[in-house]
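The values are calculated or read from the model by the stated rules, or taken from the named source; none is laboratory data. What you see is a predicted model; the values in this text were computed from it and never measured. Here the Cβ positions follow ideal geometry from the backbone for every residue, glycine too, while neighbour counts run over all protein chains shown. To get the accessible areas, we keep the full protein, side chains included, count just its heavy atoms, and leave off ligands, DNA and RNA. Shrake-Rupley method; radii C 1.70, N 1.55, O 1.52, S 1.80 Å.
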Amino acid sequence: NSTPAIYIDNGKYSKVKSKAGLVTEGEFDDKFADGIKIKAQGGDIGGVYVSGLKSEYTLSDANIELDGNGAFGLAGPGSGASADNYGTLIIRNSTITTSGENRNATAAQNHSVLKVYNSTLRANGVPFEPNYTDTEQKKQLEIDGNSRTHVTLSGSYSYFYYCDVIAEGWAALSTDGAQGFVYLEANNCTVKTIKSGYGTYADMGCHVAINDCDFDVASMAGIMAGEADITFRNTKARC
């Protein structure tokens with residue numbers, strides 16, 4: 001039920017579905033946003049949401065800050081920037097920061113494509129003390145936290161190049177709900193979890209490639225569950 005500042009609906013900017021007044025700097029249209037600044041409070045407000053097969057959008061030199069607990073679940077229009085429903089989103093030279101439970105900085109879902117270049121992504125979550133008792137899932141994974149910086153779901157592809165990906169807890173580069181297939185790739189990135197949490201994750205149907213990266217994570221570099229794979233190439237990991 002979140003409303004993004006910029007909603008791109010099948011290749012067109014939707015004024016009705018957007019809260020454009022939250023964009024205080026820069027410019028944007030149907031195909032790109034350049035130099036925009038979004039700073040908003042409230043879990044029902046998102047950043048940039050790109051949806052639909054005809055949507056191929058580029059976000060450059062952006063500064064997005066969202067504060068407030070997101071709705072239960074992952075991805076969607078409440079994220080800092082996300083691609084959905086066969087949409088394509090390219091992010092360059094941007095900083096995206098979220099604070100609050102279940103609040104992704106970036107996301108890709110429903111057969112979409114996300115590419116992020118030279119950007120800083122951070123999910124602060126809400127303050128917590130690591131205790132491994134949050135949920136049964138997190139007990140089994142031996143992690144804690146309440147927000148993932150990025151998540152790729154449901155037949156989607158995500159690529160990261162020369163990025164800093166930081167999570168206060170839970171996860172930096174996450175996958176979930178593949179529905180058969182998901183692909184996540186990180187190249188020349190720095191990946192951190194501060195208090196607790198893993199660097200990357202792959203469960204049923206998820207495929208992850210980590211190339212020339214530097215992991216500094218409070219818990220595991222990667223977790224696999226079921227028929228999935230994670231490949232680390234030329235990567236350093238401090239866990």
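Observations
- Residues ARG233, ARG92, ARG122, ARG148 ordered from highest to lowest accessible area at a 1.4 Å probe: ARG233, ARG92, ARG122, ARG148.
- Using a cut-off of 30 Å between Cα atoms, the listed pairs LYS12/LYS115; LYS17/LYS37; LYS15/LYS195; LYS138/LYS236 include LYS15/LYS195 as exceeding that distance.
- Accessible area of GLU101 (1.4 Å probe, protein heavy atoms only, ligands and nucleic acids ignored): about 80 Å².
- Sorted peptide list for 32-40, 2-10, criterion being average Cβ within 10 angstrom, highest first: 2-10, 32-40
- Shown here are the Rg and Dmax of the Cα trace of the chain, at 16.2, 47 Å.
- THR97 accessible area, assembled protein chains, probe 1.4 Å, Å²: 40
- When the surface is traced with a 1.4 Å probe over the full set of protein chains, HIS207 keeps roughly 50 Å² accessible.
- Dipole of the chain [Lys/Arg +1, Asp/Glu -1 at C-beta], most positive-end residue of GLY26, THR120, ASN146: GLY26
- For the set TYR57, TYR183, the ranking by accessible area, highest first and with no ligand, DNA or RNA atoms included, is TYR183, TYR57 under a 1.4 Å probe.
- The chain: most fluctuating residue of GLN109, GLN137, GLN41 per GNM, C-alpha cutoff 10 Å: GLN137
- Cα centroid separation, the range 115-149 to the range 1-61 (Å): 25
- Angstrom value of the Kirkwood radius, inverse mean 1/r, which spans all Cα pairs in the range 1-112: 13.1
- Entry for the range 199-239 at q = 0.20 Å⁻¹: log10 I(q)/I(0) = -0.56, Debye formula applied to identical alpha-carbon scatterers, no solvent contribution.
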